[in-house]
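*Asks:* First the structure, then my questions, so here it is.
Laboratory data are not the source of any read-out in this text; all were calculated from the coordinates shown. From a predicted model like this one, the values you see are computed outputs, not experimental measurements. Cβ atoms come from the backbone with ideal geometry, glycine included; neighbour counts cover every protein chain shown.
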Amino acid sequence: VSDPASNLGLEDIIRKALMGNFEDKTE
Amino acid sequence: SRMHLVCPMSMSPYVDPRKSGHNIWLEFSMSFTPAVREVVEFAKRIPGFRDLSQHDQVSLLKAGTFEVLVVRFASLFDAKERTVTFLSGRKYSVEELRSMGAGDLLNSMFDFSHKLNALNLNEEEMSLFTAVVLVSADRSGIENVNSVEALQETLIRALRSLILKNHPNEAATFTKLLLKLPDLRSLNNMHSEQLLAFKVHP
């Protein structure tokens, strides 16, 4: 789960969801 | 002092002051991350979106996710009752939320939601409008602007025909929808940084 204190968090989520290899550890 | 996370994607605006900032974000991410993923899955289904370069897909999503989330969660803001429904399903009044420090964004969201809901779009219209919102997001990070513009024109044409077909006596509906785009852009410019950067105020 990436660091929340920057927009990188959003881009991280987008890239993983877009590339389809999203490993969602939070679930 | 009590901490608040006044965002309807949380279960409640109250956060446990004994929890660390990181744990609070972790909890929030349980709903925010799937919401962002849903925006991406929605984007993937927009005809033509996947034909854009991967770089431009990411850029559009980074720039437009906030605006799509505003449209998607507009229905949580009940302008008549002056309440916001949080993820738990509980409604909080405007007065309550203001006492927690909610400010301009709350007013803007009510205003936006009221106007959008007044157009009575059906699911198909709302979906196509949301697609237009995404591809109309800020282009400063876009490499191939022509391809994004072509996709935007195609989607706007499709939205126009759909609205004229479904709302023959309400010619202004399409114009009102297009006028939502600058509203969303200014909401984005003014408020997305704080939300998307997850600054949790101690």
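*Asks:* Past the 14 angstrom mark, what percentage of all C-alpha to C-alpha distances in the range B:146-192 do you count? Present the calculation step by step, with values, prior to reporting the outcome.
*Replies:* Values: 661 of 1081 pairs.
Of all Cα-Cα pairs in the range B:146-192, 61 percent lie more than 14 Å apart.
*Asks:* What is the range B:69-202 by shape, rounded, prolate or oblate, if you read a ≥ b ≥ c off the alpha carbon gyration tensor as root eigenvalues and call it rounded for a/c under 1.5, prolate for a/b larger than b/c, and oblate otherwise?
*Replies:* Details: a/c = 2.64, a/b = 1.38, b/c = 1.92.
Oblate shape, in that a/c is at least 1.5 and b/c is the bigger or equal ratio.
*Asks:* For chain B, what is the charge dipole size about the Cα centre, in debye to the nearest 20, if Lys and Arg each add +1 at the Cβ and Asp and Glu each add -1 at the Cβ? Can you show the working numbers first?
*Replies:* Details: 23 positive and 23 negative charges, 64 e Å.
Its charge dipole is roughly 300 debye.
*Asks:* Additional query: How well do other chains shield peptide B:23-35, expressed as the mean number of their Cβ atoms within 10 Å of each residue Cβ?
*Replies:* The mean count of partner-chain Cβ atoms within 10 Å per residue comes to 3.
*Asks:* If you take the beta carbon distance between B:Ser147 and B:Arg45 as r and set R0 to 22 Å, what does 1/(1 + (r/R0)^6) give as a FRET efficiency, to the nearest 0.05? If you can, show how the numbers build up before the last one.
*Replies:* Working: r = 18 Å, r/R0 = 0.82.
For B:Ser147 and B:Arg45, the calculated efficiency is 0.75.
*Asks:* With a point put 7 Å past each Cα toward its Cβ, work out how far B:Glu96 is from B:Arg139 in nm, to one decimal.
*Replies:* Placing both labels 7 Å along Cα→Cβ, they lie 4.4 nm apart.
*Asks:* When only C-alpha pairs under 8 Å and at least 6 residues apart count, what is the relative contact order of chain B, in percent? Walk me through the numbers before you get to the answer.
*Replies:* On the way: 194 pairs, mean separation 53.1, N = 202.
Result for chain B is 26 percent.
*Asks:* Here's a follow-up. Among B:His55, B:His167, what is the fewest-to-most ranking by other Cβ atoms within 10 Å? Could the numbers behind the result be given before it?
*Replies:* Working: B:His55 12, B:His167 17.
Ranked by crowding around the Cβ, least crowded first: B:His55, B:His167.
*Asks:* Sticking with this one: Of B:Val132, B:Pro8, B:Asn189, which is farthest towards the positive pole of the protein assembly as shown's charge dipole, taken about the Cα centre with +1 and -1 on the beta-carbons of Lys, Arg and Asp, Glu respectively?
*Replies:* Farthest along the dipole direction, towards plus: B:Pro8.
*Asks:* Then there is this: Once phi is turned into θ = phi - 60°, what whole-Hz ³J(HN,Hα) does the Karplus curve with 6.51, -1.76 and 1.60 give for every residue of the range B:12-22, x standing for Gly and Pro?
*Replies:* Once rounded to whole Hz, the list reads 8, x, 8, 10, 6, x, 7, 7, 6, x, 5.
*Asks:* Continuing with this model, one more query. Would you mind putting B:6-13, B:186-193 in packing order, based on average other-beta-carbon counts within 10 Å, highest first?
*Replies:* Numbers: B:6-13: 18.9, B:186-193: 15.1.
Put in order of decreasing packing, that is B:6-13, B:186-193.
*Asks:* For the range B:54-112, rounded, prolate or oblate, judged on the Cα gyration tensor with a ≥ b ≥ c (square roots of eigenvalues), a/c < 1.5 rounded, else prolate if a/b > b/c? Show your work: numbers first, answer last.
*Replies:* Working: a/c = 2.70, a/b = 2.32, b/c = 1.16.
Since a/c reaches 1.5 and a/b is larger than b/c, the shape of the range B:54-112 is classed as prolate.
*Asks:* Please list, in chain and number order, the residues 5+ apart from B:Tyr14 or on another chain whose amide H is under 5 Å from its amide H, with Hs placed from the backbone.
*Replies:* B:Leu5
*Asks:* Roughly how many Å is it from the Cα centre of the range B:67-145 to that of the range B:149-167, as a whole number?
*Replies:* The range B:67-145 and the range B:149-167 have Cα centres spaced 21 Å from each other.
*Asks:* Could you state the principal axis extents of the C-alpha atoms in the range B:121-166, from the largest down, to the nearest angstrom?
*Replies:* 36, 14, 10
*Asks:* Separate question: Per-residue mean of other chain beta-carbon atoms within 10 angstrom of the beta-carbon, peptide B:36-49? Provide the component values of the computation, followed by the final result.
*Replies:* Working: counts 8, 7, 1, 3, 9, 3, 0, 3, 3, 0, 0, 0, 0, 0.
The per-residue average across the peptide is 3.
*Asks:* From the alpha carbon gyration tensor of the protein assembly as shown, can you work out the equivalent ellipsoid semi-axes (sqrt of 5 times each eigenvalue) and give them in Å, largest to smallest? Please report the intermediate quantities before stating the final value.
*Replies:* Working: eigenvalues 174, 111, 37 Å².
Ellipsoid semi-axes (Å, largest first): 29, 24, 14.
*Asks:* A further question follows. I need the Debye-formula profile for the range B:1-137: one equal scatterer per C-alpha, no solvent, reported as log10 I(q)/I(0) at q = 0.09, 0.13, 0.18, 0.20 1/Å, two decimals.
*Replies:* The Debye formula, applied to the Cα set alone, gives -0.31, -0.64, -1.09, -1.23.
*Asks:* Would you report the distance distribution of C-alpha pairs in the range B:1-47 as whole percents per 10 angstrom bin, up to the bin with the largest distance?
*Replies:* 25, 42, 20, 11, 2
*Asks:* Can you compute 3J(HN,Hα) from phi for each residue in the range B:110-122, using the Karplus curve 6.51 cos²θ - 1.76 cosθ + 1.60 with θ = phi - 60°, rounded to whole Hz and x for Gly and Pro?
*Replies:* 4, 4, 4, 4, 4, 5, 5, 4, 5, 7, 6, 6, 7
*Asks:* If you fit an axis through the alpha-carbon atoms of helix B:145-166 and take the longest principal axis of the Cα set of chain B, what angle between them do you get, 0 to 90°, nearest 10?
*Replies:* Between helix and principal axis, roughly 90 degrees.
*Asks:* Okay, next question. Run the quick spin-label model on B:Ser20 and B:Asn169: label points 7 Å from Cα toward the beta carbon, then report their separation in nm to one decimal.
*Replies:* Label-label distance for B:Ser20 and B:Asn169, simple model: 6.2 nm.
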